[in-house]
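Heads up: the structure comes next, in structure tokens.
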Amino acid sequence: VDLEEQYDKLYRYCYWKLRSREAAEDATQETFLRFYANTGYAERGKAMAYLYTIARNLCMDEFRRCPTVPLETAGEPWEDREAETLLSLSVRAALDGLDEEERELLLLRYANDTPVATLAELLGLSRFAVYRRTAQARQHLEQLLKEGEE
Amino acid sequence: MTMKRAMKQALRQAFTPPEPENKRTFLRTLPSPRLSTAAFVRQQAGAVRGWVWLVSLAILAAALRLLRTADRADLWSLAAMMPFLAVTAVAECARSRTYGMDELEKATRFSLKSVVLARMAVVGLAHLMLLAFLLLLGGRVGWAVYLLVPYLLSTLLGLAATRRLRGREALYGCFGAAALVSSGAALLQFSGTAWLEQAFYGRWLAVLAAALAATAWESKQFIRQTEELTWN
């Protein structure tokens, strides 16, 4: 994973935790600075799990400091792919119905393509528990989508 | 159970945040830590295979035994051992080629070129120190020429072989070169001419200079073959 890809994934993660572009960008950059301040770790691999851990802690601190920030409207770069955009808009609406943990799992697993082993390490769960909770979050999301259609 | 592709795509899109504003500037100025040269060389020294050090130590032990008497006949035996010392260095530097990993290592974080250079430096310096230790201990610094000539000739032939051969054949080529030089030393010893007399010292020096230049050139070619893969 190159630096830019790491940045994008962390920024996405922080954005969905903090719901503010500025705060997410600050948290992402602070994550990198803290990561590289610990030079010993940088040579040992598993960088992404460590980066997520730092970002998670930073987001928690930020959320405690300033808990209510409205979600900004993300860019809409898919005007020419109407079907997908409509589905993604429904999904976005349904995501708000999920709890924080479910949203975090779906983001990390499906939007950031985080391996199950990394997720297990990050969330302090067994691999089996990660699979189970991800499936539950997905089912909950699908249920909310069905309810939205009705 | 796998998620439908459209759903995955929709999730990815739904989680898309607004474009970050300062990403490029931040990444350009990010002070990412770099491994120091000394730390890198130390790391590579640790990766040198154990048998390289074992063979070197075995040759040192044998040489120390010979140096007790320190006569001319023993010098030939010492000279005949040097090619096998050289072959350990060449085999270590050509390890990636021998096992067919060179193409992969050309594109890894530490490129093959820097790894080979670091290992050449580590093993080469260790051998030079070994030679210096031997000669100082025996009080025969002048003998350095007689030992360096077979060492460099074997290195030269070994590098040439590994540049032209691949896989196990390269390793056999190295050992063949070492055996050739070693038996050459034995032939000289029994040729009936006193090659180690002072009269021939100038010729030894000339051969040493030529071997040094040829080995430097061959090393350069060898390193050039390990240049990183470049795209477009």
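Summary of computed values
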{"quantity": "Within region B:130-151, considering residues that are over 18 Å from residue B:65 (Cα atoms) and among the hydrophobic types (A, V, I, L, M, F, W, C), the one surrounded by the fewest Cβ atoms within 10 Å (Cβ to Cβ)", "calculated": "B:145"}
{"quantity": "Qualifying helices (runs of 4 or more DSSP H) (wholly inside region A:20-80; at least 2 residues being away from chain B (no Cβ under 13 Å) and modelled with pLDDT of 55 or more)", "calculated": "A:47-65"}
{"quantity": "Region B:189-200, subset in a helix (DSSP H, G or I) and out of contact with any helix residue (DSSP H, G or I) (no Cβ under 7 Å at 6 or more places or on another chain), residue farthest from residue B:76 (Cα to Cα)", "calculated": "B:199"}
{"quantity": "Number of the exception - residue B:166 against (1) out of contact with any Cys (no Cβ under 8 Å at 6 or more places or on another chain); (2) assigned to a helix (DSSP H, G or I)", "calculated": "(2)"}
{"quantity": "Residue B:15 within 7 Å of chain A (Cβ to nearest Cβ), in contact with a Leu (Cβ under 6 Å, 6 or more places away or on another chain) and modelled with pLDDT of 80 or more", "calculated": "yes"}
{"quantity": "Residues of region B:20-38 satisfying the condition of being modelled with pLDDT of 85 or more and surrounded by 12 or more Cβ atoms within 10 Å (Cβ to Cβ)", "calculated": "B:20, B:22, B:23, B:26, B:27"}
{"quantity": "Cβ-Cβ under 7 Å pairs, at least 6 apart or on other chains, region B:66-84 side farther than 14 Å from residue B:180 by Cβ, far side at pLDDT 75 or above and among the polar types (S, T, N, Q)", "calculated": "B:66/B:77; B:76/B:189"}
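The values are calculated or read from the model by the stated rules, or taken from the named source; none is laboratory data. These figures come from a predicted structure and were not determined experimentally. Every residue, glycine among them, receives a Cβ derived from its backbone with ideal geometry; neighbour counts consider all protein chains shown.
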